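The values are calculated or read from the model by the stated rules, or taken from the named source; none is laboratory data. Here the structure is a predicted model, which means the values were calculated and not measured. All Cβ positions, glycine included, derive from the backbone under ideal geometry; neighbour counts span all protein chains shown. Accessible surface areas use protein heavy atoms only, side chains included; no ligands, DNA or RNA. Shrake-Rupley method; radii C 1.70, N 1.55, O 1.52, S 1.80 Å.
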Amino acid sequence: EAKAAGKDRVAVFQAFMRSRLVEKMRLINCFPESMRRGEFFLEYQPQVALASGQLEGFEALVRWRHPTLGLIGPDRFIPLAEETRLIVPLGRWVLRTACFQAARWPAGDSQLSVSVNISGWQLQDEGFVDSVTEIIAASGLRPDRLVIEITESVLLTNPTLTATVLGELKALGIRVAIDDFGTGYSSLSQLRQLPVDVIKIDKSFIDPLVDPSSEGAAIVAMILRLGVDLKLATTAEGIEHQSQWDVLVGLGCSTAQGYLISVPLGAAATERFIAARLRVRPELAAGVRAGR
Ligand code: C2E
Ligand code: MG
Ligand code: MG
Ligand code: MG
C-alpha cells in the first residue's frame with residue numbers, strides 16, 4: 001500500500017512537472033508576439049525619504065496582460081525571458097518606456113528619480129550602453145534622474161564586465177543601485193570597488209523588523225552602517241507595517257518602499273500620486289517652478 005502511495009506521488013509530481021513545462025512553453029511561444037501587440041505595461045512604486053516622508057521617486061515594475069491567461073507577474077515571466085534572452089529586447093522596451101513616462105511626470109523637471117531593473121543579460125549585451133545613451137537623449141530625461149537596479153547576484157557572476165559597464169553608466173551621470181542586497185554574498189572589497197550609489201535591502205531582512213526586539217534588527221543595522229561607511233544611500237524594500245518604518249528611521253535608513261506607502265501604481269495613478277504630493281508639499285512644487 002505504501003508502495004502504491006509512493007507511485008501515486010511520483011505520478012502527481014510528473015504531471016505537475018509536465019504542466020509546468022507546458023505553461024513555460026506556452027509563455028515562451030507567445031512572448032515575441034505579445035511584445036508586438038503591446039501586452040506589457042509598467043507600474044510604478046513610490047519611494048519616499050524615511051526622515052521626512054518626502055517623495056523621492058519610483059521603481060518601474062513590468063507586468064504582462066495576456067489576452068487569455070490574464071495578468072501575469074514578473075516573477076512568472078522574467079526568469080523565462082532571461083532563459084530565452086528575450087529579456088534583452090523586453091528590458092530595452094522597459095527602459096525606454098520608463099524614461100519617456102518619467103520625463104512627462106507632473107514634477108517633470110524636479111528631482112524625482114525613476115529606478116529600472118536591469119538583467120545580467122542586458123549588461124552583457126554589447127549594445128547596452130549605446131541604447132541607454134540613445135534612450136536618455138531621445139526621452140530628454142535628466143540622466144541623474146535614472147537609477148539602474150542590478151541584483152547582487154549579477155555583480156558576482158561577472159564582476160569585471162559589470163564594473164566596466166557600471167563605470168560607463170556612471171560617466172553618463174546615471175545612478176546605480178544594488179537590488180536584493182543581502183541575498184547574495186558580495187564581499188566588502190567588491191562593493192567598495194564598484195561604482196554603486198544605492199543599496200536596496202531585500203524584503204526578507206525587513207520582514208523581521210515587525211518585532212523590533214528581534215535579532216533581525218542587528219543585521220539591518222549592520223547593512224546600514226556599511227552604507228554609511230561606503231557613503232551609499234540605503235533603500236528598504238517591502239515595508240508593510242508602521243513598526244518596521246519606526247525601526248528603520250531609528251537605524252538611519254534613507255529611503256522606504258513598500259505597501260505601507262503604496263502598492264505599484266499604473267501610469268495615470270502615478271501622475272495623480274505625484275500631483276497630490278505636490279499639493280501637500282509646496283516646497284517640492286516650488287522646486288519645479290524654479291526649474292531645479
Ligand atoms: P524587485 O526589483 O525586488 O521589486 C520589488 C518587488 O517587491 C516587486 O514585485 C514589488 O511589487 C514587491 N513589493 C514591493 N513592496 C512590497 C510589500 O510591501 N510587500 C510585498 N509582499 N511585496 C512588495 P514584482 O513587481 O512582482 O516584481 C518582482 C521582481 O521581478 C522584481 O523584484 C524584479 O527583480 C523583477 N522585475 C520586475 N520588473 C522587471 C523589469 O522590468 N526587468 C527585470 N529584469 N526584472 C524585473
Ligand atoms: Mg528592483
Ligand atoms: Mg528589490
Ligand atoms: Mg527584492
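Summarising the label geometry, the points placed 7 Å from Cα in the beta-carbon direction at Asn158 and Val228 lie 3.7 nm from one another.
Over the residues of the chain, compute the C-alpha Rg and express it relative to 2.2 N^0.38 Å. Walk me through the numbers on the way to the answer.
Values: Rg = 20.7 Å, N = 292, 2.2 N^0.38 = 19.0 Å.
After normalising by residue count via 2.2 N^0.38 Å, the value is 1.09.
The alpha-carbon of Lys170 sits under 23 angstrom from the alpha-carbons of these lysines, leaving out residues fewer than 8 places away in its chain: Lys200, Lys231.
Accessible surface area normalised per residue over the chain is 50 Å², counting heavy atoms of protein chains with a 1.4 Å rolling probe. In order along the stretch 222-237, phi translates into HN-Hα couplings of 5, 4, 5, 5, 4, x, 4, 4, 8, 6, 10, 6, 10, 10, 9, 9 Hz, rounded to whole numbers, per the Karplus curve 6.51 cos²θ - 1.76 cosθ + 1.60 with θ = phi - 60° and x for Gly and Pro. Put simply, the amide H of Leu265, placed in the peptide plane, has neighbours under 5 Å in Tyr44, Gln45, leaving out anything fewer than 5 places away on its chain. When Phe100, Phe40 are compared by accessible surface with a 1.4 Å probe, the order from highest to lowest is Phe100, Phe40. When peptides 131-142, 169-180 are sorted by average Cβ neighbour count within 10 Å, with the highest value leading, the order is 169-180, 131-142. Projected onto its three principal axes, the C-alpha set of the stretch 216-276 covers 38, 25, 15 Å, listed from the longest axis down. Summarising the amide proton neighbourhood of Asn158: residues at separation of 5 or more, or on other chains, whose placed amide H is nearer than 5 Å comprise an empty set. Given the chain, what percent of its DSSP beta bridges are antiparallel, to the nearest 5? Of those bridges, close to 40 percent are antiparallel.
Sum up the charges of everything whose Cβ sits under 15 Å from the Cβ of Thr164, counting Lys and Arg as +1 and Asp and Glu as -1, but leave Thr164 out. Neighbour charge sum, excluding Thr164 itself: -3. Peptides 264-274, 114-124 ranked from most to least packed, by the mean per-residue count of other Cβ atoms within 10 Å: 114-124, 264-274. Share of carbon and sulfur in the accessible area of the chain stands at 57%, probe radius 1.4 Å. Mind pulling the angle between the C-alpha long axis of helix 87-103 and the longest principal axis of the chain? Nearest 10 degrees, somewhere in 0 to 90. Taking Cα atoms only, the helix is inclined about 30 degrees.
Remark: the stretch 1-158 carries a charge dipole of roughly 760 debye about the Cα centre, counting +1 on each Lys and Arg Cβ and -1 on each Asp and Glu Cβ.
Within the set of other residues whose C-beta is less than 15 Å from the C-beta of Gly127, count the net charge using Lys and Arg as +1 and Asp and Glu as -1.
-2
For Phe58, the residues whose modelled amide H falls within less than 5 Å of its own, excluding neighbours fewer than 5 places apart on the same chain, are Gln47, Ser113, Val114, Ser115.
Residues Tyr185, Tyr259, Tyr44 ordered from highest to lowest accessible area at a 1.4 Å probe: Tyr185, Tyr259, Tyr44.
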